[in-house]
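Read through the structure below, which is laid out as structure tokens, and then see the notes.
Taken together, the values in this text are just the output of simple stated rules run on the coordinates, not laboratory data. Quick caveat: nothing in here was measured; it's all calculated off a predicted structure. Cβ sites come from the backbone with ideal geometry, for glycine too, and all protein chains shown count toward neighbours.
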Amino acid sequence: MPNSSSYFYQPKEGHGLAHDPFNSIIAPRPIGWISSQDSEGRVNLAPYSFFNAFNYHPPLIGFSSVGYKDSVRNIEQTGEFCWSLANLTLAQHMNITSQSVAAAVDEFELAALGKQTGKIVSVPFVAQSPVAMECKLSQIMQLKSATGQLCDTWLVIGEVVGVHIAQELLHDGVYQTALAEPILRGGGPGDYFSISEALKFVMPRP
């Protein structure tokens with residue numbers, strides 16, 4: 001039960017704060033650094049902070065795009081995309097790809113990133129990234145409010161059909177999350193977080 005001194009607001013009436021707290025509360029979030037290409041072969045690379053994994057077998061990952069952006073359009077056309085891990089080394093490169101640019105602009109080139117050809121899909125992923133996933137489109141859905149009103153937001157879910165992992169991130173067959181130094185989106189206009197082995201704790205399920 002929230003105590004009487006807690007701050008309460010109804011989103012439909014506005015939060016009344018300096019910055020919307022929603023993104024800060026649901027945080028930190030992994031970044032969906034999504035590459036796609038249209039039916040003419042023009043490549044797009046963009047980061048999405050509304051991103052996560054949704055299923056084990058088959059493995060499904062997805063991202064939500066506020067607005068029908070190039071990534072959604074491309075994936076709808078070709079049925080393919082890739083996810084690349086954005087880590088500390090690549091943070092500034094990732095930030096550059098967040099710019100709104102014309103569809104003809106290649107964000108790989110804009111951010112001085114190499115393209116690695118996929119083994120299964122035709123979409124390239126970030127060559128410098130230590131982890132990448134090749135995906136086939138599973139679903140695209142336009143989100144709705146509780147009243148059924150359509151939002152200007154599209155959820156894209158893809159089945160992971162290929163995974164690339166740098167060998168140094170595997171110790172005795174176990175992927176080392178902290179060693180990969182992923183960056184995670186927080187709240188505020190530009191807050192990010194990372195993780196370290198020092199913050200790790202193990203808690204077996206009961």
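So here's what we get for this one:
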{"read-out": "Asp20/Ala103 FRET efficiency (R0 30 Å; Cβ-Cβ; nearest 0.05)", "value": "0.55"}
{"read-out": "Loop-located GluC sites (Glu not before Pro) in the range 13-103, at most 15 other Cβ atoms within 10 Å (DSSP)", "value": "Glu40"}
{"read-out": "In the range 113-194, the trypsin sites (Lys or Arg not before Pro) that fall in loop regions by DSSP, at most 12 other Cβ within 10 Å", "value": "Lys119"}
{"read-out": "Integer Hz, Karplus 6.51/-1.76/1.60 couplings in order for the range 29-38, x for Gly and Pro", "value": "10, x, 9, x, 8, 9, 10, 8, 8, 7"}
{"read-out": "Residue-by-residue Karplus 3J(HN,Hα) for the range 56-66, coefficients 6.51, -1.76, 1.60, Hz, glycine and proline x", "value": "7, 10, x, x, 10, 10, x, 9, 10, 10, 7"}
{"read-out": "Nonlocal amide H pairs with Ala127, under 5 Å, H built at 1.01 Å", "value": "Gly114, Lys115, Gln116"}
{"read-out": "Lysine pairs within the chain, Cα separation less than 26 Å, 8 or more sequence positions apart or different chains", "value": "9"}
{"read-out": "Net lengthening on full extension, Gln142/Gln92 (0.36 nm per residue, minus Cα-Cα)", "value": "14.9 nm"}
